[in-house]
Every structure is written in structure tokens, then in C-alpha cells.
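See below for the structure under consideration.
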Amino acid sequence: MEKNTGKTEGISRARFMGAAAAMGVGAAAGLPAPAATAAAARTASTAGTAGTAGTRRGLTHRGVVYTVGAGETPGTAWSERRMRRDIRLIGRELHADSVEVTGDGVERLNATASEVAERGLHVWLQPTLGDVPEGDILDHLAETGRHGERLRKQGAEVTLAVGCEFWLFVPGIVPGADVLERIDNLQKGNVDFAKMQQRLARFTAKAATVGRSVFRGRLSYAAAQDESFEPVDWNLFDIVGIDYYSYFPRREDYVRELRGYLRWGKPLAITEFGTCTFVGAPEQGGMGWSIVDHEKTPPEIKGNVVRSERVQAAYLTDLLDVFESMNLHAAMAFEFVTADSPHRPDHPRYDLDMASYAIVKPIKDRPDDPESDWHWEPKEAYRAVARHYGRAARR
């Protein structure tokens, strides 16, 4: 899913990502598969790799998701100074050639996109304003898209994604005043799925129209990987974008699943992929964040969870190997940093970084002070992705 908007009615994206996959909403609701699904199954048995650039091998773009939300506390408020340092290191140390700039706030999005372009990196610009009226979301998209077009005209390589899993973020598609209520209604089956998909298709088409009206480069969208739940008309876009959180014991099973998205004959971008930082996290897919009990103050880890940076690193590199082997268009590791999930090596019960998908760990100067300054340190995943991206860049 997408995206982390920093703060959405008290819950960050890092806490509700993967909700559809966890609920099994498509299968549970008995939704019919899209008409193209049977064709996709046939294609999967015969399709080769996804190369779209002649003899090119491997990913075209190797990147990371960088979220620009407002922050949940004063201590984690967005900082332009911190952002500039992060983007510099993403290019120099992580060896990424692409940054997915996502979240909300036109000024934050535009400033970060400009910095990415200034560093000579590919800008994947993806606004994700949510829980406000449709018109505000579309205006937010238009303002961000105009800036992306200015950067593109200045010579930067820019892709505009018009949003992320609209069923979750946009009011009126799924009943509920905010993200939490929508998830609750989906879990309880309080949704007319046929009407939901009609509303979703209508808004997706509106967003694509707005995107085309302000941006002349390539257009995309970040969809849930369950196509029976969110059947996107990819004819509206130039690049297929999927938030991908599957887990399989064998790599060939990832290939088999991903080939289904190639039936549109368009480049495939993995707009999010990743896992949390504990033993068993990959098997939980997009629901790794759920090991935190947010009903307690301060929030704490539930059960006897074992921290493992090695598990996170191995999953990321395994998936990158799969994406490279298929010559996909792009892969964006989710995510660079989750400031509101600090690492507590002294108190594992409060080590919220275990429930984070980030590849660096935030450490507060004063762990119990919400206004404390903080810094980040690399996880094993950061080093593993840097090695992978560095090797690929030298090929």
C-alpha cells in the first residue's frame, strides 16, 4: 500500500498498510475476478521476462520510498534540512537512482521532488492526501503534478503517480469517515462491493484526467495487489504500479504471480515492497505493523517478538533478485525512514522499529520525550540494498 502520509486522523500509513491483504477482502466478499484474470493465468504459464528496452537486463529504476508527512509529534515534524541530507545519502550511499516522493503537503512534496531532481535522480512523484473531500484531493494532485511538469521541462526524469489505493484514502468509496472506519467496515462486510468498485473506477478515472491535464510525462498509480478487489483500468496509465507484499518460500512463485500484471503490455513498477524487522515478518506481508498495541500509553510490542534485521535484509534482497530477473521497470523499497517508530535497544517492549518497514532506524536523544531530537542509523537492510544497488549500477 502506500503509502505513509505522516498523520491521518491519528494513524500513520505504517500502521494500516496491507489492510486489504490481511482481511482477504476480495476472496471473503466472493468478488468475481476481472475478465482478464483467466487470460492472465494463461499468460503466466508461457510469458517470458518483462524486458521492455531491447537487450536491457535488470531493473530500469532502483529506488526507495521517501515519505514527507507532517509527523505525528513535534519531534518528528518534517524538516527540510533533514530531507536534503537524506536525499543526498540515498544517491551517494544507497546507490538508488530513483526516489518515490510520497505523502501529503504540496510544499513538502515539491521541495523534496526538487531536491531529488537536483541530485540527478529519477523522481517518482506520488501525492497521497486522504480523508478530505474529493475536490481537495484532486486539487492537491494538480498542484503537485504542475510542479512535476516544471521539473520535467527543466530536464529532470519525472513520473507522476496520481495516488495510492484510493479505496483506502478517498472518502465515499468505502463507507467510513476515516481510514480506521473504512477498514472496520471492510472487515465486517458492511460494504456493497459492486458499488465500491464503481466509485473506485470513477475516481481513478478522474484522477488520471487531472494528472494528464497538468503533466505531460508518464503517468501511473499505486494499486493494491489484489486485482479482484481493486481492478484498475491500466489503459488510463502508462506504467502499471503495484504495492507488493507477498511472501512465498520459493522465488519462482513470485515470478509466477508477478507475470499476471504483465498482460497489459506496459512497464511494471513495484511501487512498494518490504517487510518489518522481526522473525516471521515476511510471512505477515503488509500486516507486520500490527504487532504494536496502540491502545497502551506508550504503545508497546505485543507478545514475544524477536527483532531481526537479518530477516528484513534477506527478504528485500530476495525480492530485488526476482525483480531484476524479470527486467521490471522499477522497484521502490518501502521505506527509507519511519520517524514515529523509534528504535529502543534498551527496552525491546517499546522498540517500535521492529514494526517498521524502514531500512534505517530512528533513535531519539531522549527516548521518553516526544519533542526530542533524533537521528537515524542504518539497518542491515540499508547495507544490503546499498550493496545490491551498487553492484547493479556498475554492470
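The values are calculated or read from the model by the stated rules, or taken from the named source; none is laboratory data. All figures in this text were calculated on a predicted structure; none of them were measured in a lab. Virtual Cβ from ideal backbone geometry, glycine too; neighbours counted across all protein chains shown. Each accessible area value is taken on the protein alone, full model and side chains, heavy atoms only, with ligands, DNA and RNA left out. Shrake-Rupley method; radii C 1.70, N 1.55, O 1.52, S 1.80 Å.
Expressed as a whole percent, how much of the Cα-Cα distance distribution for region 171-290 exceeds 20 Å? Present the calculation step by step, with values, prior to reporting the outcome.
Numbers: 3860 of 7140 pairs.
Across region 171-290, Cα pairs with separations above 20 Å total 54 percent.
Based on the Kirkwood radius over alpha-carbon pairs, what is the Stokes-Einstein translational diffusion coefficient of region 121-179 at 37 °C with 0.692 mPa s viscosity, in µm²/s? Intermediate results must be reported in sequence, preceding the final value.
Numbers: Rh = 12.3 Å.
Translational diffusion coefficient: 267 µm²/s.
When the dipole is taken about the Cα centre of region 115-211, and only Lys, Arg (+1) and Asp, Glu (-1) are charged at their Cβ, what size is it in debye, to the nearest 20?
Working: 11 positive and 14 negative charges, 77 e Å.
Around 360 debye, computed over region 115-211.
Once region 241-298 is represented by equal point scatterers at the alpha-carbon sites, with solvent omitted, what log10 I(q)/I(0) does the Debye formula produce at q = 0.14, 0.15 Å⁻¹?
Evaluating at q = 0.14, 0.15 Å⁻¹ gives log10 I(q)/I(0) of -0.51, -0.56.
How big is the Cα convex hull of region 136-217 in projection, averaged over all directions, in nm²? Write down the numbers at each step before the final one.
On the way: hull surface 22.4 nm².
Answer in nm², one decimal: 5.6.
How much area per residue is accessible in region 262-378 when the probe is 1.4 Å and only protein heavy atoms are counted (Å²)?
37
With r defined as the distance between the Cβ atoms of residue 365 and residue 214 and R0 fixed at 51 Å, what FRET efficiency is calculated, to the nearest 0.05? Each step should come with its number before you reach the end.
On the way: r = 42 Å, r/R0 = 0.82.
For R0 = 51 Å, the calculated efficiency reads 0.75.
So for region 298-395, Kirkwood radius off the Cα pairs, Stokes-Einstein at 37 °C and 0.692 mPa s: how many µm² s⁻¹?
Values: Rh = 14.7 Å.
Answer, rounded: 224 µm²/s.
Would you work out which of 197, 155, 183 lies farthest towards the positive end of the dipole of region 135-222, given +1 charges on the beta-carbon of Lys and Arg and -1 on that of Asp and Glu, about the Cα centre?
Towards the positive end, the residue furthest out is 155.
Given the rule -39500 (n - 2.57) for each run of at least 4 DSSP H residues, summed and divided by the residues of the chain, what is its mean residue ellipticity at 222 nm, to the nearest 500 deg cm²/dmol?
Working: 13 runs with 146 residues, N = 395.
It lands at -11500 deg cm²/dmol.
Taking amide H positions as placed 1.01 Å from N in the peptide plane, with prolines and chain starts having none, which residues 5 or more places from residue 374, or on another chain, fall under 5 Å of its amide H?
Long-range HN contacts for residue 374: 365.
Given 0.36 nm per residue, what is the gain on full extension from residue 150 to residue 302 after removing their alpha carbon distance, in nm? Write down the numbers at each step before the final one.
Values: separation 152, 0.36 × 152 = 54.72 nm, distance 4.69 nm.
Stretched fully, the residue 150-residue 302 segment lengthens by 50.0 nm.
For region 266-395, with only Lys/Arg (+1) and Asp/Glu (-1) charged at the beta-carbon, what is the dipole magnitude about the Cα centre, in debye rounded to 20? Working shown, then result.
Working: 16 positive and 21 negative charges, 136 e Å.
Around 660 debye, computed over region 266-395.
Take the alpha-carbon centre of region 68-126, take the same for region 260-334, and report the distance between them in whole Å.
Each part reduced to its Cα centre gives a spacing of 21 Å.
List, in the order given, every pair from 153/266; 206/296; 296/361; 195/296; 153/206 whose Cα-Cα distance in the structure shown is over 29 Å.
Exceeds cut-off: 206/296; 195/296.
For region 336-395, give the percent of accessible area contributed by carbon and sulfur heavy atoms, probe 1.4 Å, rounded to a whole number.
Numbers: 1340 of 2780 Å².
It is 48 percent, rounded to a whole number.
Plugging the Kirkwood radius over Cα pairs into Stokes-Einstein for the chain, at a temperature of 37 °C and a viscosity of 0.692 mPa s, what D comes out in µm²/s?
Roughly 157 µm²/s, to the nearest whole number.
Taking square-rooted eigenvalues a ≥ b ≥ c of the alpha carbon gyration tensor, is region 76-230 rounded, prolate or oblate, where a/c under 1.5 means rounded and, failing that, a/b exceeding b/c means prolate? Please report the intermediate quantities before stating the final value.
Numbers: a/c = 2.21, a/b = 1.78, b/c = 1.24.
Prolate shape, in that a/c is at least 1.5 and a/b is the bigger ratio.
List the relative contact order of the chain as a percent without decimals, with contacts defined as Cα pairs under 8 Å and 6+ residues apart. Don't jump to the answer; show the numbers that get you there.
Values: 830 pairs, mean separation 81.8, N = 395.
Reported as a whole number, the value is 21 percent.
Within the set of other residues whose C-beta is less than 15 Å from the C-beta of residue 201, count the net charge using Lys and Arg as +1 and Asp and Glu as -1.
Details: positive: 195, 199, 202, 206; negative: 134, 165, 192, 227, 230, 233.
My count for the surroundings of residue 201 gives -2.
Looking only at the chain, where both bridge partners belong to it, what percent of the DSSP beta bridges are antiparallel (to the nearest 5)?
Details: 9 of 41 bridges.
So the antiparallel bridges in the chain amount to around 20 percent.
At a 10 angstrom cut-off on C-beta neighbours, averaged per residue, how do the peptides 133-141, 347-355 rank from highest to lowest?
Going by the mean number of other Cβ atoms within 10 Å, highest first, we get 347-355, 133-141.
From the P(r) of region 65-124, can you give the percent of Cα pairs sitting at distances over 12 Å?
Working: 1119 of 1770 pairs.
Roughly 63 percent, once rounded to a whole number.
Just to verify a number: FRET efficiency for residue 226 and residue 392, C-beta to C-beta distance, R0 = 22 Å, to 0.05?
Working: r = 30 Å, r/R0 = 1.34.
With R0 = 22 Å, the Cβ-Cβ based efficiency is 0.15.
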